[in-house]
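Since the structure comes first, as structure tokens, the remarks are kept for the end.
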Amino acid sequence: MTARALIIGAPRSGSGKTSVTIGLLRAFQRRGIKVRGIKTGPDYIDPGFHEAATRLPGLNLDSWAMAPDLLRHLARGQAEDADLILIESAMGLFDGILGEPGRSGAASDLARLFGLPVLLVLDVSGQSQTAAAVACGFMHYDPTVKMAACVLNRAGSERHRKLSGDAISAIGLPVVGTILRDPTLTLPERHLGLVQASEHPQMDAHIDRLADAMERALDLDAIFEAARPFHIPSGTTEKALPPPGQRIALAEDAAFTFLYPHIKREWQAMGAEIIRFSPLADEVPPADCDVCWLPGGYPELHAGRLAAADTFKTGLKTFSETKPVHGECGGYMVLGERLEDADGVSHTMTGLLSHSTSFSKRKMNLGYRQARLMRESAIGKIGDVVRGHEFHYARVIEAGTDQPLAMIADGRGDEIGPSGGFRGRVTGTFFHAIARD
């Protein structure tokens, strides 16, 4: 491989990492550099922005959920036939959970595993020389994680740039550019966070604006030189989720969008076929498929259309009588009896499981999950432990009568309790599976 790679990190969420990363991806792509993006942590949204910027598939790597050998395998695949890899950190660079060394979920784990330097993005709004103290902390906090250079973000003026930049340069960290404060560079948000790339009507134009800003403000040559050769030994797929069938009917439309890109890619690499269908278009899973998978998404925004999709609901029921059906998060909500939207309006869902959920009675659930399966399903066999993630505001308002699919624990192994349900060949849970334990 000839690819070079660089991690883009920051002290916290909201520092502007995503805008800087997307802008840099497009700016390098304009130069004819074959550049690809990777997002750390459990993220199925930002890889879509990376793909929109580069027109090449994105990927997420999660050091907590994925064993080191699986990380190597996936990273190596992303780096093949690429010139540059930009790895965007989730949250703060060192933010993760306590536990097994190197498996905290923090981007710093990947910096150590792959021997990669960090481009530090500092939001200097509300400070000037103090930014140097923050940068100094990053330079010395962990000697195994090297800071290559720094980008100043949201500076208010040329004087502000000089005060912050000179102080940081004086401690020995190169400053490769300053982005002035500009509200038009902020990505839009929605009720669960960032809007997905496919949902932004002017996404390509917005990415071009970001790239224009990065080209004006940053030294792209210096950033490319800061990246290091991406020498990765071959990994294995031993801990990857195996395909749940040879032909997989995958729900895919505006209501069903949350599937980690590595899962779909690995299923196909293992020989499975993915046949897409749209519940919102009242389509049914093809009868010649072996299994149906309903991923997460935003069913609460389309609950009325899903409730009226009688062909889909009847067809899914018929499919489930002879073949497995699995739903994650939003898919789990659609498998239930009822879904209450944000306005408190109740909509009839498929009723293949007996629970009901509500988005109006919101309660945030967020975190890593270890699931020990109590029932054979599309994500594994009885007794298997699967690592993954929960992120949802909806909650179960009627538990129903189904047996739980899994017993789940948090990222540190502390037991949470039963999760999801199964009835016949139908299984579902709020938990998003990422990899085998």
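Mean separation of Cα pairs under 8 Å and 6 or more residues apart, divided by the residue count, gives the chain a relative contact order of 14 percent.
When you count, for each residue, the other Cβ atoms within 10 Å and take the mean per peptide, how do 27-36, 298-307 rank with the highest first?
298-307, 27-36
Accessible surface area normalised per residue over the stretch 60-132 is 31 Å², counting heavy atoms of protein chains with a 1.4 Å rolling probe. A quarter of the convex hull surface defined by the alpha-carbon atoms of the stretch 242-374 gives 8.2 nm² as the mean projection. Annotation: extensible slack from residue 81 through residue 237 equals 54.1 nm (criterion: 0.36 nm per residue apart, minus Cα-Cα distance).
Applying Stokes-Einstein at 4 °C and 1.567 mPa s to the Kirkwood radius of the stretch 313-437, computed over alpha-carbon pairs, gives a translational diffusion coefficient of 90 µm² s⁻¹. Measuring nothing but alpha carbons in the chain and taking Rh as the Kirkwood radius, the Rg to Rh ratio lands at 0.99.
Quickly estimate the mean residue ellipticity at 222 nm for the chain, helices only: each DSSP H run with n ≥ 4 gives -39500 (n - 2.57), and the total goes over all residues, rounded to 500. Before the final figure, lay out the partial values.
Working: 12 runs with 122 residues, N = 437.
Per the formula, -8000 deg cm²/dmol.
Close amide-amide hydrogen proximity is noted between residue 430 and 329, 420, each under 5 Å apart and 5 or more residues distant or on a separate chain (H modeled in the peptide plane; Pro and chain starts excluded).
Under 5 Å between amide hydrogens, built in the peptide plane, is the criterion, and for residue 64 it picks out 105 among residues at least 5 positions away or on other chains.
Step through the table entries 264/317; 317/361; 239/361, compare each Cα-Cα distance with 31 Å, and write down the pairs that go over it. It would help to have the intermediate numbers written out before the result.
On the way: 264/317 24 Å; 317/361 28 Å; 239/361 37 Å.
As for pairs spanning more than 31 Å Cα to Cα, those are 239/361.
Orientation-averaged projection of the stretch 1-117 equals 6.5 nm² [convex hull of Cα atoms, one quarter of hull surface area]. The relative contact order of the stretch 364-437 comes to 34 percent, based on Cα pairs under 8 Å that sit 6 or more residues apart.
Listed values for the stretch 84-97 are Karplus-derived 3J(HN,Hα) couplings in whole Hz (6.51 cos²θ - 1.76 cosθ + 1.60, θ = phi - 60°), namely 8, 10, 10, 9, 8, 6, 7, 6, x, 3, 9, 6, x, 10, and x replaces Gly and Pro.
Computed over protein heavy atoms with a 1.4 Å probe, the carbon and sulfur contribution to the accessible area of the stretch 281-424 reaches 49%. Among 390, 88, 80, determine the one that fluctuates most according to a GNM of the chain built with springs between C-alpha atoms less than 10 Å apart. Of the options given, 80 has the highest mean-square fluctuation. For residue 416, the amide hydrogen comes within under 5 Å of the amide hydrogens of 408, 409, 410, counting only partners 5 or more places away or on other chains and with H modelled in the peptide plane.
The values are calculated or read from the model by the stated rules, or taken from the named source; none is laboratory data. All values reported here derive from a predicted model rather than from experimental measurement. Don't worry about glycine lacking a Cβ; one is built from the backbone with ideal geometry, like all the others, and counts go over all protein chains shown. Only protein heavy atoms, including side chains, enter the accessible area calculation; ligands, DNA and RNA are left aside. Shrake-Rupley method; radii C 1.70, N 1.55, O 1.52, S 1.80 Å.
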